[in-house]
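Down below is the structure, laid out as structure tokens.
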Amino acid sequence: MRHVTSDLERVSFQSIRHQLIIVDQHWIIHSCNRAWQQGLGQFSPGTDANSNDRHYLHLLEAWALRGKKTNMTLVAQKLKEHGTPFHQNHTYDICVYTVYNEERWFRAELTPLSHADSILDTNLALIAHADITEQKKTERQLKKALSEVRTLRGLLPICAVCKQIKDEEEHWNSVESYLEKHTHAEFTHDICPECIRRLYPKYSNILDKRS
């Protein structure tokens, strides 16, 4: 394999915290950094992650099969159809399960390597994998919270006399039961001053003194 980086660039390639690999137009991994070896490389089924015959798309498909992630299978298929020759960037998320069955998410960014330098092989791409597991967990928590928030929208048919509300099944409900069913509100009962004056006029003078 030709050298694709200078000595200084190789040092940077190895020391960067993102998990990096370089693939050719056949999706064979030609190089990887230490972060990959210590991270995703550990979860690669089969031979050693540094092997020249390592096929990146096969890794994606194996991870998708293990995690039953159909979206990852679609990612691999899309990359196979549109990824080569490498003329544009691609960003996609992948899910990997560790040996302890822990779910880890990575955001992968594929960047075609410049062909300006004549020493570069053609159709090479750099793929950087950043761990976004915590971000994914936060997104799930937010989605769960939003799904639990129930709100009322639109017109509510309410009886002009008894003030009951008609629900989606054409049943009439009290205001309390309807709101408890469609929101997270709970009710405690009290009597407003106007109703006290109307229903218990002998206590009206107490209210008047307070006001």
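A few notes on this one:
- Positive-pole candidate from S177, Y203, I191, dipole of the range 165-210, charges at beta carbon: Y203
- Once the chain from E176 to E139 is taken as fully extended at 0.36 nm per residue, the excess over their C-alpha distance is 10.0 nm.
- Efficiency of FRET between F43 and L146 - r from beta-carbon atoms, R0 35 angstrom, step 0.05: 0.65
- The trypsin sites (Lys or Arg not before Pro) found in the range 55-105 that occupy coil by DSSP, while having at most 12 further C-beta atoms within 10 Å, are K68.
- Over the Cα atoms of the range 165-210, the radius of gyration divided by the Kirkwood radius equals 1.23; this is the Rg/Rh ratio.
- Estimated FRET transfer efficiency (T188, D93; beta-carbon r; R0 41 Å; 0.05): 0.35
Read the figures in this text as sums done on the coordinates, not as results from a lab. Just so we're clear, the structure is a prediction, and the values are computed from it rather than from any experiment. Backbone-built Cβ (ideal geometry, glycine too); neighbour counts: all protein chains shown.
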